[in-house]
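In what follows, a single structure is set out as structure tokens and then discussed.
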Amino acid sequence: MSAEKNDPVVVIGLGRFGSSLAIELMRRGTEVLAIDNRPKVVQSLSGQLTHVVAADSTDIEALRQLGVGEFSRGVVAIGSDLEASILTTSLLVELEVADIWAKAVSRQHGRILERIGAKHIVLPEHDMGERVAHLVSGRMLDYMEIDSNFALVKTRPPHEYVGVPLGETRLRRKHGVTIVCVKAPDQEFTYADAQTVLQYGDIIVVAGPVDRVERFAELP
């Protein structure tokens with residue numbers, strides 16, 4: 001059975017990543033069962049999470065008693081204990097949780113989790129490091145890679161594109177990127193179209209292949 005957007009989620013491992021994920025999912029209206037093997041951690045989160053329990057996620061009987069096999073989506077957010085991460089992921093596969101997300105601390109760890117059956121691998125430290133590197137090294141205000149070679153970048157408009165309707169700039173032909181939306185000072189973001197005229201002080205969101213959006217963001 002495929003997972004639906006509003007299906008409940010089981011989150012296993014309540015370190016910094018797992019706890020913030022569980023809290024954010026609840027804030028968005030998703031029912032969450034949060035599990036950690038440390039009673040003190042569970043107790044500290046009991047006021048923020050509706051369903052949070054102390055249990056050993058490497059014990060399949062404990063997972064069965066908690067009804068984990070009834071979930072279609074699960075997140076294994078265990079980071080430092082590789083053995084527990086791998087075993088917990090394998091148990092979710094055995095319990096037929098259809099859509100498994102797993103945190104990995106290295107690409108090798110991630111490959112093992114994928115082979116076991118995790119459908120999505122999350123490398124929080126690597127992904128954040130890569131994002132910050134893009135921001136530190138250039139003029140970008142924000143950066144999000146949405147595929148292996150496609151990204152969204154928040155930046156300021158290059159001088160040559162200020163004061164000219166976007167439809168007249170041949171931007172995509174020249175640079176291979178698209179300006180998706182624009183935000184004037186003290187205004188909300190709005191979609192950009194052919195009639196949009198950029199001004200100094202605007203913030204723009206640009207989409208395109210990674211190398212092209214990086215070059216575009218460096219234009220003076």
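The set of residues in segment 163-177 being at negative phi and without any contact (Cβ under 8 Å) to a residue 40 or more places away in the chain consists of V164, P165, L166, G167, E168, T169, L171, R172, R173, K174, V177. What do you reckon, is V180 touching a residue at least 12 places away in the same chain (Cβ under 8 Å), open to solvent by 30 Å² or more (accessible area, probe 1.4 Å), farther than 30 Å from G13 by Cβ and part of a strand (DSSP E or B)? So V180 passes the test. Filtering segment 105-144 to residues that are open to solvent by less than 70 Å² (accessible area, probe 1.4 Å), under 23 Å from I203 (Cβ atoms), part of a helix (DSSP H, G or I) and without any contact (Cβ under 8 Å) to a residue 60 or more places away in the chain leaves E130, V132, A133, L135. The condition (being at pLDDT 95 or above, hydrophobic (A, V, I, L, M, F, W, C) and closer than 17 Å to V122 by Cα) is satisfied by just one residue among L92, L33, L25: L92. Between G67, G15, G29, G47, the distinction of being of a type in the set (G, A, S) and within 20 Å of G117 (Cα to Cα) belongs to G67 only. Taken over segment 183-220, the criterion of being exposed (fewer than 14 other Cβ atoms within 10 Å of the Cβ), in contact with a helix residue (DSSP H, G or I) (Cβ under 7 Å, 6 or more places away or on another chain) and under 14 Å from E160 (Cβ atoms) is satisfied by P220 alone.
Within this structure, L49 passes the test of being open to solvent by less than 50 Å² (accessible area, probe 1.4 Å), part of a loop (DSSP other than H, G, I, E, B) and modelled with pLDDT of 90 or more.
Number of residues in segment 153-177 that are surrounded by fewer than 16 Cβ atoms within 10 Å (Cβ to Cβ) and assigned to a strand (DSSP E or B) equals 2. In contact with a Gly (Cβ under 6 Å, 6 or more places away or on another chain) and at negative phi: is that true of P185 in this structure? Spelling it out, P185 is indeed in contact with a Gly (Cβ under 6 Å, 6 or more places away or on another chain) and at negative phi. The set of residues from segment 32-61 being without any contact (Cβ under 8 Å) to a residue 12 or more places away in the chain and over 16 Å from S85 (Cα atoms) comprises K40, Q43, S44, S46, G47, E61.
Within segment 69-104, being part of a loop (DSSP other than H, G, I, E, B) and among the β-branched types (V, I, T) holds for I78, V97. Scanning for something free of Cβ contacts under 8 Å to residues at least 60 places away in the same chain and either assigned to a strand (DSSP E or B) or over 17 Å from the mean Cα position of the chain (by Cα) (or both), does segment 5-13 turn up at least one residue? Yes: segment 5-13 contains one or more residues that are free of Cβ contacts under 8 Å to residues at least 60 places away in the same chain and either assigned to a strand (DSSP E or B) or over 17 Å from the mean Cα position of the chain (by Cα) (or both).
The values are calculated or read from the model by the stated rules, or taken from the named source; none is laboratory data. Remember, predicted model here, so these are calculated numbers, not experimental data. Cβ sites come from the backbone with ideal geometry, for glycine too, and all protein chains shown count toward neighbours. When the accessible area is computed, the model is the full protein with side chains, heavy atoms only, and any ligands, DNA or RNA have been set aside. Shrake-Rupley method; radii C 1.70, N 1.55, O 1.52, S 1.80 Å.
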